[in-house]
1. Can you name every residue in segment 10-62 that is of a type in the set (S, T, N, Q) and touching a Ser or Thr at 6+ places or on another chain (Cβ under 9 Å)?
2. From the list Pro98, Pro87, Pro41, Pro57, which residue is farther than 24 Å from Val2 by Cβ, out of contact with any His (no Cβ under 9 Å at 6 or more places or on another chain) and at pLDDT 95 or above?
3. Which numbered condition trips up Val92, out of (1) out of contact with any Leu (no Cβ under 8 Å at 6 or more places or on another chain); (2) over 17 Å from Leu20 (Cα atoms); (3) aliphatic (A, V, I, L, M)?
4. Anything in segment 16-25 that is open to solvent by 60 Å² or more (accessible area, probe 1.4 Å) and within 22 Å of Gln1 (Cα to Cα)? List them, or say none.
5. More than 14 Å from Gly106 (Cα to Cα), in a loop (DSSP other than H, G, I, E, B) and in contact (Cβ under 8 Å) with a residue 24 or more places away in the chain: does that describe Gly15?
6. When His81 is evaluated against the numbered criteria (1) out of contact with any strand residue (DSSP E or B) (no Cβ under 9 Å at 6 or more places or on another chain); (2) outside any loop (DSSP other than H, G, I, E, B), which criterion, by number, is the only one it fails?
7. Please go through segment 32-62 and pick out each residue that is open to solvent by 50 Å² or more (accessible area, probe 1.4 Å) and in contact with a helix residue (DSSP H, G or I) (Cβ under 9 Å, 6 or more places away or on another chain).
8. Scan segment 80-91 and give yes if some residue there is farther than 18 Å from Ala60 by Cβ, surrounded by fewer than 18 Cβ atoms within 10 Å (Cβ to Cβ), of a type in the set (D, E, K, R) and in contact (Cβ under 8 Å) with a residue 60 or more places away in the chain, otherwise no.
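The values are calculated or read from the model by the stated rules, or taken from the named source; none is laboratory data. Just so it is clear, the model here is predicted, and its values are computed rather than measured. Because the Cβ atoms are built from the backbone with ideal geometry, glycine has one as well, and the counts that use them run over all protein chains shown. Accessible surface is based on the protein model in full, side chains and every heavy atom, while ligands, DNA and RNA are left aside. Shrake-Rupley method; radii C 1.70, N 1.55, O 1.52, S 1.80 Å.
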Amino acid sequence: QVQLVESGGGLVQPGGSLRLSCVASGSIFSSNAMNWHRQAPGKQREYVATITRGGLPNYADSVKGRFTISRDNAKNTVYLHMNRLKPEDTAVYYCYMPRTGVWGQGTQVTVSS
C-alpha cells in the first residue's frame, strides 16, 4: 500500500509564496498521475491541480496562473508551488493518487496578515 506524506505548509502573508511537497512510498509513483486537493474550514474538499505521469498539468480555475504543479520521479515527489496567495487559499492541502485511492494526511496553509 502506497503512503503519501505532505509537508511545507505554514503561515504566509497575502501575496506570499509557499511550496508544498508530497513524498510517495514504494515504486509506483512514476506510473501514476497525482493530484492536489484542499479543504477549507466548513467547506467540502475541492480539486486544485493534477499532473499526469507524463508531466502534463491541469488546474482549477481558482488557482490557474498562480499555482504550479510539478513532479520529480527520481525523488517520488510531487510539488505544489503557490504564488500570490490569497486569504481564500487558506485550507488543509492534500495530495492524492487517483488510481490507488490513497490520500495523504494533509498540511495546513494559512494566508493571513
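1. Across segment 10-62, the qualifying residues are Gln13, Ser21, Asn32, Asn35, Asn58.
2. Step by step, each of Pro98, Pro87, Pro41, Pro57 is checked, and only Pro87 is farther than 24 Å from Val2 by Cβ, out of contact with any His (no Cβ under 9 Å at 6 or more places or on another chain) and at pLDDT 95 or above.
3. Going through the list (1) out of contact with any Leu (no Cβ under 8 Å at 6 or more places or on another chain); (2) over 17 Å from Leu20 (Cα atoms); (3) aliphatic (A, V, I, L, M), Val92 breaks only (2).
4. Answer for segment 16-25, where residues must be open to solvent by 60 Å² or more (accessible area, probe 1.4 Å) and within 22 Å of Gln1 (Cα to Cα): just Val23.
5. yes
6. (1)
7. Answer for segment 32-62, where residues must be open to solvent by 50 Å² or more (accessible area, probe 1.4 Å) and in contact with a helix residue (DSSP H, G or I) (Cβ under 9 Å, 6 or more places away or on another chain): Arg53, Ser62.
8. No, segment 80-91 contains no residue that is farther than 18 Å from Ala60 by Cβ, surrounded by fewer than 18 Cβ atoms within 10 Å (Cβ to Cβ), of a type in the set (D, E, K, R) and in contact (Cβ under 8 Å) with a residue 60 or more places away in the chain.
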